[in-house]
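Enquirer: Structure provided below as structure tokens; questions to follow.
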Number of protein chains: 4
Amino acid sequence: MKADPRRHIAANYPWSLELQTRFADMDVNRHLNNVAITRFFEEARIRFNWGLFTGDAREARPRYLVAHVAVDYLGEGSYPEPLLLGYAIGNIGRSSFRCQKGMFQSGRCIALCDTVLVHRGPDGPAPLPDALRARLEAFPLSG
Amino acid sequence: MKADPRRHIAANYPWSLELQTRFADMDVNRHLNNVAITRFFEEARIRFNWGLFTGDAREARPRYLVAHVAVDYLGEGSYPEPLLLGYAIGNIGRSSFRCQKGMFQSGRCIALCDTVLVHRGPDGPAPLPDALRARLEAFPLSG
Amino acid sequence: MKADPRRHIAANYPWSLELQTRFADMDVNRHLNNVAITRFFEEARIRFNWGLFTGDAREARPRYLVAHVAVDYLGEGSYPEPLLLGYAIGNIGRSSFRCQKGMFQSGRCIALCDTVLVHRGPDGPAPLPDALRARLEAFPLSG
Amino acid sequence: MKADPRRHIAANYPWSLELQTRFADMDVNRHLNNVAITRFFEEARIRFNWGLFTGDAREARPRYLVAHVAVDYLGEGSYPEPLLLGYAIGNIGRSSFRCQKGMFQSGRCIALCDTVLVHRGPDGPAPLPDALRARLEAFPLSG
């Protein structure tokens, strides 16, 4: 992730979200804890996915299994400044796709995250529905 | 990680730890939350590292930066059953090394985790001290 | 709570539970965080309640609303030592009852907690079933 | 707390704060977890206290021990709607004072919290400094 220079620039992510930090996100080292950082990435993922299908389309909201998460930690985060989370959709496969996330604080990129989500049907992994695929394709990383 | 069959067998890890699950580790899906699972891996890492230098050697306990974390989620975890965490040391570099972790519940491997830790000196990343390197080399994955 | 000397002695609680502490339970002050302490009390409450109705009786497990929680903080808690949680049932009313909890670490009482639980029926608060009442009456504080 | 009708009205609190909810604040019951609710009250307390002494006065920021926390749970909270936290200072004693908090979501009061904070000097509880007392007196509950 960190080898891709596009990932370090907030404006390259087609969707973004500001998240508050909390005192409890710090650990004894007085910085944002590594696991708390994955918590922010989770929050961005869930809000993005909910936002894909709203109103009447809400019933069509798909369910996912998280198959893989990888995080590069690039700098320390602090409290109480908010975070800016950038979100893009990377490679889209038959039944899974990759989310590309960046975390920024006070203009600095402090972490990158890739997540592989598998579409879950009633009997396990299932092909991505066309409506979902079309929506995901609208969010590529730019730059 | 998951492609390495040795990683799926608890007995292959040279150090292990039983951890209690908590009600709060579940999310609305009634399983152990993905981020909670990274929390357990953090706990194993810290207890392993603290255990390397105890008693009088405690002052020599090194400080690390977590540079990278990757998790493969292989199965659902449940509450209130405890978890068994397996821990091994993989590739050891000049100033960093890789931790290889496995999570087991009721005999099933439910997640694998690799973490890259960078030794932190007073001015940033620093070569691993010989005493630390020798201790780490005593914990290879078997199988 | 803290004015009652019986509450400060672990052996006076008719049910108890040992809980592991986690690195993440500490805050920047390097002690067990106050909210983390209420998390441990929650865990004790849930495990006690689940234990009341096991096996075939599991289906009869009642549902509660937490109406009130009060905590007296008496001393600092530390990591990685485990905690001993003591549990008793106090006043039992028509549709609610009071749980009396104590938290001990290395022999010291570090916190006390009282919780009021309301039995929840299909249409809101409901009288405690006789089977539940009988089981609760078996757990008075002693001393 | 809940018997005081002033506490149920957000506008009666002289200081307030909007806080985001997170997916992780929910538990298996799909509502904001009781302990997560105390986490929000903690966050309000810390941000209020930090705000009392800013800029050059930051060095004078006092340290507290949390001696007592009590919460009345009045209604369910949900995700992803934000919360409004109201904050007031109640009785001010010689070395401690009481914080009065209310939590509101979508116009409903869902929880109330009282906290007793003890001013901590170098050797334990210490009289409140005059500068602190004066600032605290500026935040009474109204109504």
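Enquirer: Return the residues of the stretch A:50-64 that are surrounded by fewer than 16 Cβ atoms within 10 Å (Cβ to Cβ) and either part of a strand (DSSP E or B) or not small (G, A, S) (or both); say none if nothing qualifies.
Expert: Scanning the stretch A:50-64 gives A:W50, A:T54, A:D56, A:R58, A:E59, A:R61, A:R63.
Enquirer: Of (1) within 16 Å of the chain's Cα centre (by Cα); (2) touching a residue at least 12 places away in the same chain (Cβ under 8 Å), D:E76 satisfies all except one. Which?
Expert: (1)
Enquirer: Here is a follow-up. Are any of the residues in the stretch B:95-109 within 10 Å of chain A (Cβ to nearest Cβ) and modelled with pLDDT of 95 or more?
Expert: no
Enquirer: So in the stretch D:23-34, with the set limited to residues that are assigned to a helix (DSSP H, G or I) and within 11 Å of chain A (Cβ to nearest Cβ), which one is nearest to C:C113 (Cα to Cα)?
Expert: D:D25
Enquirer: For the condition more than 15 Å from the chain's Cα centre (by Cα) and at pLDDT 95 or above, what is the one hit in A:R30, A:R7?
Expert: Result of the check over A:R30, A:R7: A:R30.
Enquirer: Looking only at the stretch A:46-70, filter to residues that are modelled with pLDDT of 85 or more and of a type in the set (A, V, I, L, M); which one of those is nearest to A:A138 (Cα to Cα)?
Expert: The qualifying residue nearest to A:A138 (Cα to Cα) is A:L52.
Enquirer: What tally of residues in the stretch D:18-49 results from selecting those that are surrounded by fewer than 18 Cβ atoms within 10 Å (Cβ to Cβ), closer than 23 Å to B:T38 by Cβ and in contact with a strand residue (DSSP E or B) (Cβ under 7 Å, 6 or more places away or on another chain)?
Expert: 1
Enquirer: For the subset of the stretch B:44-58 comprising residues that are among the hydrophobic types (A, V, I, L, M, F, W, C) and more than 23 Å from A:V69 (Cα to Cα), which member is nearest to the other protein chains (Cβ to nearest Cβ)?
Expert: B:W50
Enquirer: Right, something else. Take the conditions at pLDDT below 95 and assigned to a strand (DSSP E or B) and apply them to A:R120. Does it pass?
Expert: Judged against the criteria, A:R120 is a match.
Enquirer: With the structure loaded, tell me whether B:Y13 is within 10 Å of another protein chain (Cβ to nearest Cβ) and in contact with a Phe, Trp or Tyr (Cβ under 7 Å, 6 or more places away or on another chain) or whether it fails that test.
Expert: It is false that B:Y13 is within 10 Å of another protein chain (Cβ to nearest Cβ) and in contact with a Phe, Trp or Tyr (Cβ under 7 Å, 6 or more places away or on another chain).
Here is a yes/no grid of residues against (1) touching a residue at least 40 places away in the same chain (Cβ under 8 Å); (2) within 13 Å of the chain's Cα centre (by Cα):
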| position | (1), (2) |
| --- | --- |
| A:R58 | no, no |
| A:V66 | yes, yes |
| A:R108 | no, no |
| A:R120 | yes, no |
| A:P127 | no, no |
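Enquirer: All but one of (1) more than 9 Å from every other protein chain (Cβ to nearest Cβ); (2) in contact with an Asp or Glu (Cβ under 8 Å, 6 or more places away or on another chain); (3) in a strand (DSSP E or B); (4) buried (at least 19 other Cβ atoms within 10 Å of the Cβ) hold for A:V69; which doesn't?
Expert: Single failed check for A:V69: (1).
Enquirer: Right, next: From the list D:G86, D:G75, exactly one residue is closer than 21 Å to C:V35 by Cβ, at pLDDT 95 or above and within 13 Å of chain C (Cβ to nearest Cβ). Which is it?
Expert: D:G75 is the lone residue from the list that is closer than 21 Å to C:V35 by Cβ, at pLDDT 95 or above and within 13 Å of chain C (Cβ to nearest Cβ).
Enquirer: Mind listing whichever residues of the stretch B:13-31 are touching a residue at least 24 places away in the same chain (Cβ under 8 Å), farther than 17 Å from C:P82 by Cβ and polar (S, T, N, Q)?
Expert: B:S16
Enquirer: Against the condition acidic (D, E), surrounded by fewer than 14 Cβ atoms within 10 Å (Cβ to Cβ) and closer than 24 Å to D:R30 by Cα, how does D:E81 come out, does it pass?
Expert: Answer is yes for this residue.
Enquirer: While we're on this one: Quick one: is C:D114 at pLDDT 95 or above and more than 13 Å from C:G75 (Cα to Cα)?
Expert: yes
Enquirer: So, one more: Can you pull out the residues in the stretch D:74-106 that are aromatic (F, W, Y) and over 24 Å from A:Q20 (Cα atoms)?
Expert: Across the stretch D:74-106, the qualifying residue is only D:F97.
Enquirer: Would you mind telling me which numbered condition in (1) assigned to a loop (DSSP other than H, G, I, E, B); (2) more than 15 Å from the chain's Cα centre (by Cα); (3) surrounded by fewer than 19 Cβ atoms within 10 Å (Cβ to Cβ) A:R133 fails?
Expert: Among (1) assigned to a loop (DSSP other than H, G, I, E, B); (2) more than 15 Å from the chain's Cα centre (by Cα); (3) surrounded by fewer than 19 Cβ atoms within 10 Å (Cβ to Cβ), A:R133 violates only (1).
Enquirer: Residue check, B:F41 against (1) farther than 21 Å from C:F41 by Cα; (2) more than 9 Å from chain A (Cβ to nearest Cβ); (3) among the aromatic types (F, W, Y), all met but one. Which one?
Expert: (2)
Enquirer: All but one of (1) farther than 26 Å from A:D27 by Cα; (2) in a loop (DSSP other than H, G, I, E, B); (3) in contact with a helix residue (DSSP H, G or I) (Cβ under 7 Å, 6 or more places away or on another chain) hold for A:C99; which doesn't?
Expert: (2)
The values are calculated or read from the model by the stated rules, or taken from the named source; none is laboratory data. Just so we're clear, the structure is a prediction, and the values are computed from it rather than from any experiment. Here the Cβ is made from the backbone with ideal geometry for all residues, glycine too, and neighbour counts use every protein chain on show.
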